[in-house]
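Just below is one structure, and these are the notes that go with it.
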Amino acid sequence: MEWHKGIPDADWDKALFQNGGHFLQSSHWAAFQTALDHPVFYAHGTDWRCLAILEKSRTGRRLYCPYGPTAQTAKALNNAFKALHLLARQHRAMFVRVEPILPAVRVGLASAGLKPALKDIQPAQTWVQRLTKSVDELLADFTPTNRNLYRNAAKKGLTFRASSDPTDITIFLKMIHDVAANTGMQPHSDNYYRTMAKVLLPRNAAHLYIADHHDKPVGAAIVFDSPTTRYYAHAGNLITARKLHPGSPLLATMMFDAKKRKQTTFDFVGVAPMGQDNHPWSGFSQFKKSFGGEYLAYRGTWELPAHPLYRLYRGVYQAHKQLRLK
């Protein structure tokens, strides 16, 4: 086993996706993070592989493995943790954040010396729809409102298009700025989205979808694409177009296009935990669930200590978090 710095090749992605790995462990995500000037490392061993990003903050360095490592057995996962611990020591990282994916087994992470993170970085629960269903079955899973919005979109003057042109990201930026101004949500920086489009769209690893009303853009969304899965990553609509409800037929279009691409899963990327009706994500979770599907639970974010000062860091961070909640 040897860690490599940079962007893995296509063989990495082939093995990753064949073994149930997530898009955020792919060469595409590595290319995006590298373009953001984040050092990326990758390695694999028997039945495991992992992509790790070196992050720096005022409190020190850490490694982060978004939805990774991917492992097939408990032994393989432990070997991945050992490899990550060595990488962290080499780069003077205080700890490693992991979000393991084990398609075939259930492993106790605390017994491996990991601590549950004080907050999840990537969503611990998501909502997925199986695109192996027929189009009629998928439509039957929609709420009646969504079916009507999709079927009557053209009558309202709505049309939908997919773009692989990075310059079209300006359309999305207009939408997300409008959402932020009217809701108070905090989007990523413009540079983040521009870099995402510049890197991922030409790789055919993402697509920008645009909803037009009489040829004027009123909504946009970014999806990530693996051979098996389309991920609903970012979306925004003009507040002035809210009566048109462009988001629903736009999402339906992205689902049916994914089915045409022979992808088997549409991942809505994050929903509120089951039964938590007062969760901050409840609103958009209900929107996502109105297209049919089922819960998919991940293991959440965990931390692998790699430095004696980790305990102090965690204590200070926890105390600061409690003060903010008061």
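The values are calculated or read from the model by the stated rules, or taken from the named source; none is laboratory data. The shown structure was predicted, so the numbers you read here are calculated from the model rather than taken from an experiment. All Cβ positions, even for glycine, are placed from backbone atoms using ideal geometry, and neighbour counts span all protein chains on display. For the accessible areas, the whole protein counts, side chains as well, though only heavy atoms, and no ligand, DNA or RNA atoms are used. Shrake-Rupley method; radii C 1.70, N 1.55, O 1.52, S 1.80 Å.
Angle between the Cα long axis of helix 74-90 and the longest principal axis of the chain, 0 to 90 degrees, nearest 10?
70
Can you give me the % of accessible surface on segment 1-143 that is carbon or sulfur? Probe 1.4 Å, all protein chains present, nothing else counted.
That fraction is 48 percent.
Ignoring ligands, DNA and RNA, please state the percent of accessible area on segment 172-255 from carbon and sulfur, probe 1.4 Å.
Exposed carbon and sulfur together represent 51 percent of the surface.
Take residue 180, project a point 7 Å from its Cα along the Cβ direction, then tell me which residues of segment 97-141 have their backbone nitrogen under 20 Å from it.
None, by backbone N distance to the label point.
Beyond a 23 Å Cα-Cα separation, which of these cross-linked pairs lie in this structure: 115/289; 14/262; 259/288; 56/115; 155/216?
Over 23 Å Cα-Cα: 115/289.
Residues with amide H under 5 Å of residue 125's amide H, sequence separation 5 or more or different chain, H placed in the peptide plane at 1.01 Å from N; which?
271, 298
Can you pull the accessible area of residue 137 for me, 1.4 Å probe, Å² to the nearest 10?
Counting only protein heavy atoms, the figure is 100 Å².
Hey, with R₀ at 22 Å, roughly what FRET efficiency would residue 148 and residue 281 work out to, going by the Cβ-Cβ distance, to 0.05?
E(calc), rounded to 0.05, equals 0.30.
What ³J(HN,Hα) values, in whole Hz, does the Karplus curve 6.51 cos²θ - 1.76 cosθ + 1.60 give for segment 142-148 when θ = phi - 60°, with x put for Gly and Pro?
Computed from phi, the couplings for segment 142-148 are 5, 5, x, 4, 5, 4, 5 Hz.
List, in order, the whole-Hz ³J(HN,Hα) value for each residue of segment 91-100 obtained from phi through the Karplus relation with A = 6.51, B = -1.76, C = 1.60 and θ = phi - 60°; use x for Gly and Pro.
10, 6, 8, 6, 7, 10, 8, 10, 9, x
Per DSSP H run of n ≥ 4, the term is -39500 (n - 2.57); total these for the chain, divide by its residue number, and report the mean residue ellipticity at 222 nm rounded to 500 deg cm²/dmol.
Mean residue ellipticity at 222 nm (helix-derived): -10500 deg cm²/dmol.
Put 185, 94 in order of accessible area, largest first, 1.4 Å probe: what do you get?
Descending order: 185, 94.
Sort 49, 130, 89, 106 by accessible area with a 1.4 Å probe, largest first.
106, 89, 130, 49
Spelling out what I want: for every residue of segment 233-250, take phi, set θ = phi - 60°, compute 6.51 cos²θ - 1.76 cosθ + 1.60 (Karplus), and round to whole Hz; glycine and proline get x.
8, 9, 7, x, 10, 5, 4, 5, 9, 4, 6, 7, 6, x, x, 5, x, 5
With a 1.4 Å probe and all protein chains left in place, how much accessible area per residue does segment 237-326 have, in Å²?
I get 57 Å² per residue for this part.
Kindly report the accessible area of segment 140-224 per residue (heavy atoms of protein chains, probe 1.4 Å, no ligands, DNA or RNA), in Å².
About 50 Å² of surface per residue is accessible.
Grab the beta carbon distance between residue 311 and residue 1, set R0 = 25 Å, and tell me the FRET efficiency rounded to 0.05.
Working from the Cβ atoms, E equals 0.35.
Which residues' amide hydrogens lie under 5 Å from the amide hydrogen of residue 218, considering only partners 5 or more residues apart or on another chain, with H built in the peptide plane?
211, 212, 213
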